[in-house]
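Q: Mind looking over this structure? Questions follow.
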Amino acid sequence: EAGVTQFPSHSVIEKGQTVTLRCDPISGHDNLYWYRRVMGKEIKFLLHFVKESKQDESGMPNNRFLAERTGGTYSTLKVQPAELEDSGVYFCASSAGTDYGYTFGSGTRLTVV
Amino acid sequence: KNEVEQSPQNLTAQEGEFITINCSYSVGISALHWLQQHPGGGIVSLFMLSSGKKKHGRLIATINIQEKHSSLHITASHPRDSAVYICAVLGGSQGNLIFGKGTKLSVKP
């Protein structure tokens, strides 16, 4: 069974540019989560999809972040325009439900310069 | 103060030592996860538990719901156990994880 796939693994962009991160969850997992770790801090929740619907987006830092999950399969997280404080590692996780475990992707390391 | 606190933040051990990492939380939870992240690597789920104790190989995880405390133990530690160990609790109604800052473990040969 393929795991959760994220790409790119690394991205270096200039302040003001746009970056799109992608997450392919485990097939059949309705729940998809985006998390972020900024330097020196704990991993923080960004948002949660159930199928194609946003169940909870209370962790999204501001309106420069836009997440989509068209068709309830893969998800994208777009940052536009990127700011320096957006640098960090963005993790995606999927789950069949809260009674089940989570499978995490390897993360995308975003550096905004 | 974070809702999930881990101790210690950093831990150095000699190969073969018994290791304990602690996690305390201040919110009501339905489950607690122990995760592992190797340097430059992704996050791997080690355990999900809501009561009692689980064991997998040399790893043991315990939880005391009344005391809001969990421990991760590693027996006969090995250099390949060197990683960041993260405690995360499932506390929100929507199924979001709340993470501790992690414990960086280094096991010396």
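Q: Mind checking A:98-108 for the average number of partner chain beta-carbons within 10 Å of each residue's beta-carbon?
A: Across A:98-108, the average partner-chain Cβ count within 10 Å equals 5.
Q: I would also like to ask the following. Scan chain B and hand back the longest stretch that contains none of the GluC sites (Glu not before Pro) lying in DSSP loops with at most 13 other Cβ atoms within 10 Å.
A: After excluding every exposed loop site, the longest remaining stretch is B:16-66.
Q: By a straight-distance test (C-alpha under 29 Å), which lysines pair with A:LYS15 as possible cross-link partners, with residues fewer than eight away in the same chain excluded?
A: Here the lysines satisfying the reach criterion relative to A:LYS15 are A:LYS41, A:LYS44, A:LYS54, A:LYS78, B:LYS101.
Q: Suppose R0 equals 41 Å. What FRET efficiency, 1/(1 + (r/R0)^6) with r the Cβ-Cβ distance, do A:THR111 and B:LYS53 give to the nearest 0.05?
A: Step by step, r from the Cβ atoms, then E = 0.50.
Q: Comparing B:ILE21, B:ILE60, B:ILE86, which has the greatest mean-square fluctuation in the GNM of chain B with Cα pairs linked when under 10 Å apart?
A: B:ILE60
Q: Right, here's the next one. Are there any GluC sites (Glu not before Pro) in region A:60-113 that are in a DSSP loop and have at most 15 other Cβ atoms within 10 Å? List them by number.
A: Qualifying residues, ordered by number: A:GLU83.
Q: Take the alpha-carbon centre of region A:47-88, take the same for region B:1-61, and report the distance between them in whole Å.
A: 28
Q: As an exercise, use a Förster radius of 30 Å and the Cβ-Cβ distance of B:ASN10 and A:GLU52 to find the FRET efficiency, rounded to the nearest 0.05.
A: Calculated transfer efficiency: 0.10.
Q: Averaged over A:37-45, how many beta carbons belonging to a partner chain fall within 10 Å of each residue's beta carbon?
A: 5
Q: Let me ask something else. Which whole number gives the average count of other chain Cβ atoms within 10 Å of the Cβ atoms across peptide B:35-44?
A: 5
Q: Indicate, rounded to the nearest 5 percent, the antiparallel portion of the DSSP beta bridges found entirely in the protein assembly as shown.
A: Taking every DSSP beta bridge within the protein assembly as shown, about 90 percent pair in antiparallel fashion.
Q: On a straight-distance basis, which aspartates and glutamates could pair with B:LYS55 in a cross-link, Cα separation under 19 angstrom, same-chain partners fewer than 8 positions away excluded?
A: Result set, ordered by chain and number: A:ASP99, B:GLU17, B:ASP81.
Q: Could you work out how much longer the chain between B:HIS73 and B:LYS108 gets when fully extended? Use 0.36 nm per residue separation minus the Cα distance between them, nm to one decimal.
A: Net length gain for the segment: 10.9 nm.
The numbers here are math on the coordinates, done by the rules we state, and not lab data. The structure displayed is predicted, hence computed values, not measured ones. Neighbour counts are summed over all protein chains in view; Cβ atoms, including those assigned to glycine, are modelled from backbone coordinates with ideal geometry.
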